[in-house]
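To start, the structure under review is shown below, and the notes come after it.
Just so it is clear, none of the values below were taken in a lab; they were calculated from the coordinates. Computed from a predicted structure; not experimentally measured. Every residue, glycine among them, receives a Cβ derived from its backbone with ideal geometry; neighbour counts consider all protein chains shown.
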Amino acid sequence: MKIGLVVTTPAKEIGNFKDLFDSIKSMGFEGIGFRSLLQLSETLDPSELHAAHQYAGELGLFLDFGLGWVNPFTALTKPEIWALGEGDYCRAVERQLGAAQAMACKEIVGEIAGVKGPYRGRYAFDRFRTDVPWGEQLSASENFLLKMRPILAGFGMRIDLENHEDLTTHELLRLVEKMGDAYLGFTLDVANLTVMGEAPVEGSLRLAPCVHLVHVKDIFLIPTEKGLLRQMRPAGEGVIDWESILTEVYRHDPNVHLLVEDHKGQIQIDVHDLQWRTHFPELDEKEIAALLELAEKSRQRVQRGEIEAPESYEAMSYLNQRVQRLTSALNYLKSLRANHKLFDQV
Amino acid sequence: MKVGVEMCHGFIEDLGYDDFVVGFDRVKAFGFAGMSYKSPQYISKTLDLGRLRAARQYADQLGLYLEFGLGRVNPYNTSEAPDIWLLGGGDYRLALEKLIAAAAEVGCHELVGVTAGWKYNHTGYFRFDRFRTDVSWEDQLAATTKFLGIMAPILRQFGTRVNLETHEEITSFEILRIIEAVGPDVVGVCFDSGNILSRGEDPIASARRVAPYCHQTHAKDAILFFSEKGIVRQVKPCGSGVINWKEVLPILHQSNPGLALTLEDHKGYMEIDFFSEEWRRYHPDLTLDEMGELIRLAKECDTKLVRSEIQKVTDYEAIPFKDQMLDRLRSSMDYLNQIIKDKNLV
């Protein structure tokens, strides 16, 4: 088990990648998770990518990448990816897989949807689109993934689909059943499970056998009239039971990469709202109850003075807290790894 | 029948869209009977009813018809229309409802709908969503049909119909099947006389097919010339190409005597690769009769090109559209008006 950091900086702002790699190394991280290969080379230039891979190797850093959308309903929102295939999206994905494989990547993150910036509430999530039901998006994504399977087989690679704020564990498990676990696995984002009304431990344990990458951030839950409000905290400073989750994930893949994906931002989880519930037909009342208990635990942690109250915490600028948050998450994860002896197995 | 102009293809490019009065004045002064905008948002970005009503009033005062488009109705590419998404705050259905309501408020109940957009950044087949590799065209048609089914109650409530344009990616056969599935009261055809050529359809046969459902048009003409892979369409003013308007207009008139012929003129080649097995595979409705007719029309053009009765295609294409636009529009308008008069298509 290694611990890296998610980097979202666009290529143009990265400048010299060596400076970025050096700074991440000096923080104590063991690797980097890029959202896209394009952050290192906008044209997937083999020599640029090779240089980055070589330097990462010299520093002992692992490099992971994201592939972008595997949902044809959202695919058009990334024209930079379409450009890689000159209008042939399958070719664009194939080129990315080839470039990642050349850097010894076996696992690559896939996404079905993401938060849509300008919109608020439910419409920030593709699950709630009104022009196409979520079920049809799932089936189109499944068709696309199946189409990519021979290419994945050729490269010996696997797409690790991120649950994000859209995909439930049940939906992910059905997809892996169709694709086969050699070609499809999961990038587990524990904090995001809660957005779909799933309990962190129970949801993670369902996915654990196929988890090869983990996005790490912690949560603080606040009860609201309609359900819960999720606030982001660094790992160890929230209410997620990381020990139960990570020991189980490690049992299935001892070489799993944890990627600290830290940010602020609150999301409403309307578990008491009947209309919201119609979008989650597989909700389990026991898991809703578990989430409500986590909200109570969150309250108790504040009451005991262990962590900052949510209002004052959210008011602080993320940039001012960033280094402290990342360091705190990293130290927490390293100590958990040491306590449970969750080191890589060759 | 009457002849007007599409406003979003250069006719008022120098004026912009801020002042509809100067735009309408130009339409009137040119001798057109009216105009069509791709969306009511070209009159008012925020769909301000006061402004839309004023536009309607001024059009009426000048005796001009006013038509609008609705935009994308294929959920696989609605993401390419962010302005519309914003209108609904992320709820695309609501956005279209707002557009439909605004248009209805000013008496516009026939709206052009499109199933994709021309992809300038790509080349060859990948300019058309018909040839996407991440999702089949059949799946896109199915999603479009479902979405229009979802919109049907809203359309009925406003007494509005979406007229699917025979755009460059879709055939009239496919549009007719959507009409059959959703209902001719809410879905019709916007007959684009130039685009049907691109999909291998004979203009007269195509006009016969769509006439009972045709409530809007985009009028343009084209010549056809041979290439290695088949034939190529070069857009020309009405009367200067292969379309037999003396046959086509009475067919359309018989079903809809008040039909507006809206000139949507531009330049550009489009390949019709009859000789390519791959291209034909993408056109399962292609008939031998219509393919034969287009090859005959191409042969006629070829003879005229050899005799220099038609200007050499590369020479003609080299002239910027802007330099010819007004002459082309005038010649198209006069030609169509003459047929309307001669055939008494009033």
- Inspect the range B:41-61 for any residue being out of contact with any strand residue (DSSP E or B) (no Cβ under 9 Å at 6 or more places or on another chain), among the acidic types (Asp, Glu) and either more than 11 Å from chain A (Cβ to nearest Cβ) or not in a loop (DSSP other than H, G, I, E, B) (or both) and give the result as yes or no. yes
- Might you check whether a residue that is assigned to a helix (DSSP H, G or I), surrounded by 18 or more Cβ atoms within 10 Å (Cβ to Cβ) and within 14 Å of another protein chain (Cβ to nearest Cβ) occurs anywhere in the range A:156-173? no
- Item | Matching residues in the range A:263-281 - criterion: being under 18 Å from A:Arg122 (Cβ atoms) and in a loop (DSSP other than H, G, I, E, B) | A:Gly265, A:Gln266, A:Asp270, A:Val271, A:His272, A:Asp273, A:Thr278, A:His279, A:Phe280, A:Pro281
- Taking the range A:185-200 only, how many residues are in a strand (DSSP E or B), touching a helix residue (DSSP H, G or I) at 6+ places or on another chain (Cβ under 6 Å) and in contact (Cβ under 8 Å) with a residue 40 or more places away in the chain? 2
- Task: Hey, can you tell me all the residues within the range A:201-248 that are touching a residue at least 60 places away in the same chain (Cβ under 8 Å) and assigned to a loop (DSSP other than H, G, I, E, B)?
- Result: A:Lys217, A:Pro234, A:Ala235, A:Gly236, A:Glu237, A:Gly238, A:Val239
- Does the range A:297-312 contain any residue that is among the acidic types (Asp, Glu) and touching a residue at least 40 places away in the same chain (Cβ under 8 Å)? no
- Which one is surrounded by the fewest Cβ atoms within 10 Å (Cβ to Cβ), of the residues in the range B:126-141 that are assigned to a helix (DSSP H, G or I) and at the interface with chain A (Cβ under 10 Å from one of its Cβ atoms)? B:Asp139
- Task: Name the residue, out of A:Val249, A:Val260, A:Val302, that is touching a helix residue (DSSP H, G or I) at 6+ places or on another chain (Cβ under 7 Å) and either surrounded by fewer than 22 Cβ atoms within 10 Å (Cβ to Cβ) or more than 19 Å from A:Thr169 (Cβ to Cβ) (or both).
- Result: A:Val260
- Query: Among the residues of the range B:292-299, is there at least one that is surrounded by fewer than 16 Cβ atoms within 10 Å (Cβ to Cβ) and among the acidic types (Asp, Glu)?
  - Reply: no
- Return the total of residues in the range A:14-53 being outside any loop (DSSP other than H, G, I, E, B) and either within 24 Å of the chain's Cα centre (by Cα) or more than 29 Å from A:Trp82 (Cβ to Cβ) (or both). 22
- Exactly one condition in (1) crowded, with 23+ Cβ neighbours inside 10 Å; (2) at the interface with chain B (Cβ under 9 Å from one of its Cβ atoms); (3) of a type outside the set (A, V, I, L, M) is not met by A:Phe65; state its number. (2)
- Message: Looking at the range B:268-291, I want the residues that are part of a loop (DSSP other than H, G, I, E, B) and have a partner that is surrounded by fewer than 13 Cβ atoms within 10 Å (Cβ to Cβ) and of a type in the set (A, V, I, L, M, F, W, C) with Cβ atoms under 7 Å, at least 6 apart or on another chain. Which pairs are those?
- Response: none
- Task: Please work out which residue is nearest to the other protein chains (Cβ to nearest Cβ), limiting yourself to the range A:132-146 and to residues that are over 14 Å from A:Val176 (Cα atoms) and either assigned to a helix (DSSP H, G or I) or in contact (Cβ under 8 Å) with a residue 40 or more places away in the chain (or both).
- Result: A:Val132
- Item | All positions within the range B:77-125 that are buried (at least 20 other Cβ atoms within 10 Å of the Cβ), out of contact with any Asp or Glu (no Cβ under 6 Å at 6 or more places or on another chain), part of a helix (DSSP H, G or I) and within 8 Å of chain A (Cβ to nearest Cβ) | B:Ser79, B:Trp85
- Complete set of residues in the range B:246-290 that are more than 20 Å from the chain's Cα centre (by Cα) and closer than 28 Å to B:Asp315 by Cβ: B:Asp273, B:Phe274, B:Phe275, B:Ser276, B:Trp279
- Message: So for the range A:300-307 (the condition being part of a helix (DSSP H, G or I), among the aliphatic types (A, V, I, L, M) and under 20 Å from A:Gly28 (Cβ atoms)), does at least one residue qualify?
- Response: no
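Are any residues in the range A:64-81 over 12 Å from A:Gln96 (Cβ atoms) and part of a helix (DSSP H, G or I), and if so, which ones?
Matches in the range A:64-81: A:Ala75, A:Leu76, A:Thr77, A:Pro79.
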